[in-house]
Amino acid sequence: MKNQESNLVNTRNTGLLPAYLVLLITTIVLSGPVQAQSWTNVSSIQNIYHNKISFTDDQLGFSLVGTTFTQSTDIYRTLNGGQSWQKITPQLPLQNYTFLAIQFLDTNNGFLVVRGRGVQTQQFSGYLYQTVNGGKNWTSIGPKGMRLSLGEGSLHFFDTQRGVVASGGGHYYTDNGGAQWSSIDDQSYWSVNEIDFSDHLNGIAGAWDGTFAYRGILFTTTNGGVSWDTLELGMNSAIERVNYTSQGTAYALGPSSWQRPQILYKTENWGSSWDSLSLDFLVDSNDAATDIHFTSHERGYLSTRDGHIFRSEDGGKSWSREFFGNQTTQGLDRLESNGQTLFAFGPMNVLLKRDFELGSWELMDRDEESPKVFPNPCSHNNLVNLSSSVIGTYYWMDASGGVQAIGNREEEMPISVPTGLSSGQYWIVFPKSSQRPMKVTLR
């Protein structure tokens, strides 16, 4: 990304913009790279780790929180996109429990995977709970005897009736809200790390074989989790993260190991065959990829141990660094999306939020449906008028989706063309509005 070098205000036309806007934009200019505006730390709870997050939309979300990065003992809810959180305290008949996975379908209906001991037993087991009132009350819905192996658990519910739970080496499936479960117990030592679905049929699960050889296993399903195909990988290839992006295309991330390079696997044929993608762009030999998340067939994001975030525009073939990590973000290991906003988390007191996730530019490149900008084409010393009355924060974005400048329109007035931009096509985007992006050509 380019640095934010331009003041969006033409100071020779001081009658057109209020003085406080000049100060605001000058502050943005002096703040350095635009990345600080694309990714914002919205964590407001101190001395905790966000370990798992489930957002139902860009405002309502639930987080599994702990005082360590390995155990989650509390649930927090946000009603404003992570700006503030309220604690939820489930009353569960368990001892020494930790929360492993959470998913909410809407405001009321949610599911929770828990590892713990029953009051009358010393044996740890896995439990699945359901809430129908936003987390106030939880009811166990099975499956009985759910194995946890080394303590991992993952789940995906399509609706309140049909869902999949994976724990240890077992996959469990229900189509009647947990009244009955079918199970596929493959190997007693296998441990499923993560599952993901692209739709109601196609899914992927990543696991390791539970041995010190750290062999990886990839499971794929084309019938919503009723049955799974299995592919066993070689040594030091345990699958830690998976992401199913679209019909037939999925990604799986292996571990970082001194015995072999870290590998990002990709399939484009529903898991029938897998290719490996290079991670050589991680120039620091001590750094490693920790999670991957694709928001479209071509665009994906990758987090690293050193706290960086990379973006790909070609399906993982090449990557560019979008967020430069620092001491605060070291240990970044999770990416999560609600379909509108992207979140990154892992280290203590860190919850990064990408305020605007651009979809397909091709769908937005339709002048007849977009508000007009005039003059268009325009030059660097122009003030441009907008046919729309929309106000608020706006971005100048290039054709790749990169934010090149940021401003704020408080009133229905012309806006300045940023200096320092090269000639070409741009879009003026108001990310917090439903307003379509406005295409403008800069000479």
message: The conditions are (1) within 20 Å of Val192 (Cα to Cα); (2) open to solvent by 20 Å² or more (accessible area, probe 1.4 Å); (3) in contact with a strand residue (DSSP E or B) (Cβ under 6 Å, 6 or more places away or on another chain), and Asp275 fails exactly one of them. Which is it?
response: (1)
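Could you please let me know if Ser140 is surrounded by fewer than 19 Cβ atoms within 10 Å (Cβ to Cβ), touching a strand residue (DSSP E or B) at 6+ places or on another chain (Cβ under 7 Å) and modelled with pLDDT of 85 or more?
Here the answer is yes, as Ser140 does meet what is asked.
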- line: Considering residues that are in a strand (DSSP E or B) and either surrounded by fewer than 19 Cβ atoms within 10 Å (Cβ to Cβ) or of a type in the set (Phe, Trp, Tyr) (or both), the number found within the range 300-319 is 2
task: Filter the range 244-258 down to the residues that are in contact (Cβ under 8 Å) with a residue 40 or more places away in the chain and among the small types (Gly, Ala, Ser), then identify the one that is most open to solvent (accessible area, probe 1.4 Å).
output: Ser256
query: Checking Pro261 against (1) open to solvent by less than 30 Å² (accessible area, probe 1.4 Å); (2) of a type outside the set (A, V, I, L, M); (3) in a loop (DSSP other than H, G, I, E, B); (4) within 23 Å of Gly307 (Cα to Cα), which single condition isn't satisfied?
result: (1)
- request: Return the residue satisfying two criteria in turn: it lies in the range 57-91 and is surrounded by fewer than 18 Cβ atoms within 10 Å (Cβ to Cβ) and under 15 Å from the mean Cα position of the chain (by Cα), and of such residues it is modelled with the lowest pLDDT.
  value: Asp58
message: Here's a check for you: in the range 387-421, which residue that is open to solvent by 60 Å² or more (accessible area, probe 1.4 Å) and of a type in the set (Gly, Ala, Ser) is nearest to Ser320 (Cα to Cα)?
response: Ala399
field: Residue list for the range 187-225, filter: open to solvent by 10 Å² or more (accessible area, probe 1.4 Å) and at positive phi
entry: Gly210, Tyr214
message: Can you tell me which of (1) of a type outside the set (Asp, Glu); (2) assigned to a loop (DSSP other than H, G, I, E, B); (3) buried (at least 20 other Cβ atoms within 10 Å of the Cβ) is the one Tyr129 doesn't meet?
response: (2)
- request: Please work out if Ile53 is at pLDDT 85 or above, β-branched (Val, Ile, Thr), over 17 Å from Arg354 (Cα atoms) and part of a strand (DSSP E or B).
  value: no
message: Can you tell me which residue is modelled with the highest pLDDT among those in the range 106-120 that are part of a loop (DSSP other than H, G, I, E, B) and open to solvent by 50 Å² or more (accessible area, probe 1.4 Å)?
response: Asn108
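The values are calculated or read from the model by the stated rules, or taken from the named source; none is laboratory data. These numbers come from a predicted model, not from an experiment. Methodologically, a virtual Cβ is constructed for each residue, glycine included, from the backbone with ideal geometry; neighbour enumeration extends over all protein chains shown. Heads up: the accessible areas ignore ligands, DNA and RNA and are worked out on the full protein's heavy atoms, side chains in. Shrake-Rupley method; radii C 1.70, N 1.55, O 1.52, S 1.80 Å.
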